[in-house]
Amino acid sequence: MRVLAVVHQADAGAGVFADVVAESGHELVEWQPVDGGAPDVPDLGAAMVFGGAMHVDQEGDNPWMRGEKRMLGKLLGRGVPLLGVCLGAQLLAEVAGAAPRRAPEPEIGWKRIELTQEGQDDPVLGALPEALDVFEWHSYEAPLPDGAVALARSQVCLQAYRLNGSPAWGVQFHPEVTMRELGVWLDNYTDDEDAVRVGLDPEALRAESEERIAAWNEVGRGIAARFLAAATAAT
């Protein structure tokens with residue numbers, strides 16, 4: 001199966017998801033929307049849309065985002081299995097009819113989420129504990145599209161959803177992130193005005209993350225594997 005990875009910036013790629021795609025015998029094809037055009041991926045079996053420092057409503061500063069949203073709409077209409085991560089989840093939610101917006105407060109670091117009953121029964125997230133700590137870095141949220149199913153929430157906002165009638169999921173947290181990528185985000189945290197505003201301590205978060213990342217990467221690998229299994233079953 002050919003799997004499209006939509007990557008918005010070099011330090012926010014497929015991470016551990018790329019390893020799982022390869023180990024599962026699939027082919028990962030990366031596309032960066034900022035380059036323009038459309039991805040040339042015949043016989044596409046699934047797509048994963050990753051994060052980025054830009055926000056979903058900043059089309060004026062990122063005009064390429066309009067083309068990406070049109071592309072995601074076409075994939076959704078064709079029933080291609082989709083998994084959106086952070087910005088990717090917000091883009092997918094907008095294409096499905098929701099209006100992503102600024103969250104009540106940023107969530108940066110390790111935060112507790114809880115699965116809903118539907119989340120506990122979900123083929124992609126259901127293997128997770130009912131409550132767990134996840135790695136977050138976002139200032140916007142993706143409200144639940146009409147007809148979609150809420151799979152997980154934090155005290156701040158919706159954390160995961162599944163679209164109704166389509167093999168498409170969105171997660172607000174970062175199950176794909178590696179320590180290398182996370183380290184780059186921390187090195188450049190002053191580029192994020194919200195991280196500065198909330199008083200992020202980059203070295204404290206780096207130390208905590210170095211202790212947690214190995215276990216977290218295993219969680220991410222499981223999510224990726226179950227998404228790919230669901231995508232394979234749907235194609």
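The values are calculated or read from the model by the stated rules, or taken from the named source; none is laboratory data. Predicted model, so just to flag it, every value in this text is computed and none were measured. With ideal geometry, Cβ positions are generated from the backbone for all residues, glycine too; neighbour counts draw on all protein chains shown.
Summary table
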quantity: Qualifying residue in segment 97-109 (condition: more than 24 Å from N188 (Cα to Cα) and touching a residue at least 60 places away in the same chain (Cβ under 8 Å)); calculated: no
quantity: E176 among the acidic types (D, E), in contact with a helix residue (DSSP H, G or I) (Cβ under 6 Å, 6 or more places away or on another chain) and at pLDDT 95 or above; calculated: yes
quantity: Test result for H55, in contact with a strand residue (DSSP E or B) (Cβ under 9 Å, 6 or more places away or on another chain) and modelled with pLDDT of 95 or more; calculated: no
quantity: Filter result (basic (K, R) and under 18 Å from the mean Cα position of the chain (by Cα)) within segment 176-235; calculated: R180, R221, R226
quantity: Lone unmet requirement of (1) at pLDDT below 95; (2) under 23 Å from D192 (Cβ atoms) for G67; calculated: (2)
quantity: So L163, is it more than 19 Å from V80 (Cβ to Cβ) and not acidic (D, E); calculated: no
quantity: Strands (runs of 3 or more DSSP E) fully within segment 118-215 counting 2 or more residues that are surrounded by 16 or more Cβ atoms within 10 Å (Cβ to Cβ) and not hydrophobic (A, V, I, L, M, F, W, C); calculated: 131-141, 158-162
quantity: Single match in E130, E141 (criterion: under 20 Å from V56 (Cα atoms), touching a strand residue (DSSP E or B) at 6+ places or on another chain (Cβ under 9 Å) and among the acidic types (D, E)); calculated: E141
